[in-house]
Amino acid sequence: MGPDIASFGIDALLAFAGLWVLIGIGLVPLRGSSMLAALGLAYMTGAALVPVVLVALLTLGVPVTLVTFFVVALACVVVGGFAARKSPIDAMETSDPLRWLRHWRSWPAETWVVVVFVALVGAYSVIGMLGVFESPLAGWDSWSIWVRKAQVLSNHDSLFHGFFTNESYSFAHLDYPLAYPVWESLHFRAAGVVDLQAVLRHVWLLLVGSIWALAYLLRERVRPVVWAPILLLALTTPGISGQLRDGYADVPMALFACLGVVALGMWIAKEEAGLLPVAAIMLAVTANMKNEGLAATLAVLVVGGAVVLVRRLDVRSYATAAGAVVLALLPWRVWLAVHGIEGDMPVSKGLNPGYLLDRIDRVGPAIAAINGQFADPERWLYLLPLATLVVVVSLVSGVGRRVAAFYLGCFLLIWAAFVWSYWISPHDLEWHLATSVDRVVSIPMLVCLAAVLHLSGLLLRTLTGEPGPRQRDPLI
Amino acid sequence: MRLAIQVAATLAAGGLVVIAMRRVGLRGKRAVGAVAMVPVITACLLALPTYREQINELLDAHEANATLTARDVRLGNGIGINADVDFLAWAKRHLGDEETFGFVIGSSDEAGSLEQWALFQLAPHVAVEPPASGDWLVFYDVNPDEYVGHADLDVYKPGFAIARSPVGP
C-alpha cells in the first residue's frame, strides 16, 4: 500500500505544481471552487510541464532524482505564486467556498447537466481505476519501449550511455523523446519498484484528467449541454479508453495534443490571456512524447501561425509561445545529434523527389489504411463525420470560420504528415501499417474531437441567440 | 468508401436539420446554428450504450486481474511469446551488480521478439554488442560450443547456458 500511496503522491504533486502554473498565468482565479474545477487541467499541466523540464535537465547532464522532481515542482509553485501575487482572492468564497451547494433547488437545467456529467464521469473513473488497478501491461511497446526506458531512468540519474547509446537496444527506438518514460519513472522511483501493474493506474488519471481539463477549458465558450455528452462520448470511445489500457504512449500523447489544439483554437477565437501558455505547454509535451507527436506539433504550429498572420492576431504573443514549444523540443534533438543517434525514418530523403517517386506505390495503401481507421465506427464512433459537418457548416456560414479553418488545417496537415511518414518509411509497408496505423490515428481523431466540441458550442450560440465571440470580438 | 458514406450521411443530417429549422421559422445563422444538435444528439445516442459496454469491460478486467499471480504479472508477456522465463531468471541470478552480458540467440522467426523480452527480463543488467565484450555470455537456444574458450560454461539445459565472457568489458 505504501508504494501505491507514494506513487499517487507524485500525481498529487504534479497537480499542485500545475495548479500554481495556471494561477500564475491567470487562467485559474485564487478561489476554492475554481481551483477544484481546474484540478483536471492542473494535473495535465503538471504532467506535461514537469517531464518536459526534466528531459531538458537530463540532456544537460543534471542528475534527475526525486529531489530534482521536487525542486522543479516547487519552482512551478513559486513562479506561479509570484506571478499571481497581485491576483485578488475572493473574500466571500474564502469564507464559504461551497455556498452555491446550499441553493441546489434553484439550480438551472444546465447545472443539472453538469451534475449528471460529473456523476457519470466520476462513476466511470472509479470503475475504470478498479479495472486497471491490477492490470499488467500487455501492450508490446508498453513494456518493450516505454517501461524499459522508465526502468533505466529509475535506476540511473542520468541518460545512461550503457542504454541510450547502445545498439543492442535500437529496437526500443532510442531516438524517441523521453517525456513519457520520465513521467513513468517518477512513479517507479516514488514506489521504489518497477511495477508492471502500477503504470495503468496513472495512465488512467491522464484520461480522466484530460476530460476534466477539456470541460474546464470550454466552460465559458461552450454550453454544458454540448460539451457534456460529447466529452462523455470521448471518455468511453473504445479508440481512446480501450487503447489507453494497452499502456502505449499514443493515447496520452493524443490527449495532450487535443488539449493543446483546443487551447490554441480558443485563443484564436478570442485571444484570451492564459490560453496560449497552456497550448504551448501541451504542445511541448506532445512533441516530447513520440516522433508522431513532434510532427503533429509542428503541423499545429504552422497552421496556427498561418491563421495568426492572415487574421492579424497578436503575432508577438504567438511567436513567443511557438518559440517556447520549439525551445522545449530542442534539448532532446540536440542530445541525439551530439551522440549520433538516428531514428529509422530517413527524414532527409523524405524531400528528395527521386526517393519519393520510387516509393509512390506506398501512398495509396497508406491513405486507404489511415482513412479506414477513421471510418471504423466501433473504435471512433463517427468523430470524423461529425467534425466534417461542423467544420463545413462553420466555413460556409461564417460562424467561427477562423476557428474552423484552424481545426481543418491542423487535421489535414497532420494527416499529410502521417501519410508522408508511411511513404518514406524504410519498413515493409504492410507490416508498418498493421503494427501502427490504429494508434497513429489517435492524434487526428482527437483533433476532430476538439473541432466538434468547440465548433458545436459556437454554432449553438447562434441558435440560441447568445452573444457569440464575433459580437464580443469584431476580429472573428 | 465507408468513410465517404458516413460523411455524406452526416452532412445530409445537418442539411435536414437546417431545413427543419427554416420550416419552424428560424432564419439565417440561427437556423444554421441548429446543426450543433447533430453532434449533441449523436453523442447522447452513442455515449450511453458505449458507456455501459465500457463499464462492463472494465468490470470484467477487474475480475480477470484478481486471478493473476505475481508470476503472471512479472513474466506474462514473456510466457505469452513462449520465452523460457525460468532459464532467464536462472541466468539473471548469475549476474552480479552492474555486470553486463552479451546475448546470443539461435536464429528463428521469433528471435527478435525473444531477444526483446530477454533483455527486458534481464534488466537492470545491460546487454552489450558484440556479445563477447560483456561480463557474461547468455546463450539462448543456441549451441554454446560454437563459442570456444568458455572454461566455466554453466548449462541450464541443452542450448541454454551462461558463461563468463572470455574477453570481458
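A few notes on this one:
- Within straight-line cross-link reach of B:LYS29, aspartates and glutamates at Cα separation under 16 Å, skipping those fewer than 8 residues along the same chain: A:GLU466
- Relative contact order (%) - chain A, alpha-carbon pairs under 8 angstrom, separation at least six: 19
- Of the GluC sites (Glu not before Pro) found in the range A:271-370, the ones in coil according to DSSP and having at most 14 other Cβ atoms within 10 Å of their Cβ are A:GLU342.
- Largest GNM mean-square fluctuation across B:ASP152, B:ASP72, B:ASP141, computed for chain B with C-alpha springs under 10 Å, falls on B:ASP152.
- Ratio Rg/Rh [Cα only; Rh per Kirkwood] for the range B:71-164: 0.93
- Sparsely packed trypsin sites (Lys or Arg not before Pro) within the range A:273-326, loop by DSSP, other Cβ within 10 Å at most 15: A:ARG311, A:ARG312
- For chain A, the 222 nm mean residue ellipticity estimated from helices alone, with every DSSP H stretch of n ≥ 4 adding -39500 (n - 2.57) and the total spread over all residues, rounds to -23000 deg cm²/dmol.
- Geometric extent, Cα atoms of the range A:242-301 - Rg, Dmax (angstrom): 11.9, 38
- Two-decimal log10 I(q)/I(0) for the range B:2-66, as the Debye equation yields it once each C-alpha is a single scatterer, q = 0.17, 0.18, 0.26, 0.30 Å⁻¹: -0.71, -0.75, -1.03, -1.13
- The lysines whose alpha-carbon is closer than 29 Å to the alpha-carbon of A:LYS149, local same-chain residues fewer than 8 away aside, are A:LYS290, A:LYS349, B:LYS92.
- Placing a label point 7 Å from the Cα of B:ALA89 along the Cα-to-Cβ direction, the residues of the range A:134-167 whose backbone N falls under 18 Å from that point are A:136-137.
- GNM on chain B, alpha-carbon springs under 10 angstrom: the most fluctuating residue among B:ARG23, B:ARG52, B:ARG74 is B:ARG23.
- Top of B:GLY96, B:GLY76, B:GLY25 by mean-square fluctuation, Gaussian network on chain B, Cα under 10 Å: B:GLY25
- Computed [θ] at 222 nm, helices only, for chain B once each DSSP H run of length n ≥ 4 contributes -39500 (n - 2.57): -17500 deg cm²/dmol
- Kirkwood analysis of chain A, using all unique Cα-Cα pairs, places the hydrodynamic radius at 22.9 Å.
Readers should treat all values here as calculations from the given coordinates under stated rules, not as data from a laboratory. Treat the numbers as computed from the prediction; the structure is a model and nothing was measured. Neighbour counts are summed over all protein chains in view; Cβ atoms, including those assigned to glycine, are modelled from backbone coordinates with ideal geometry.
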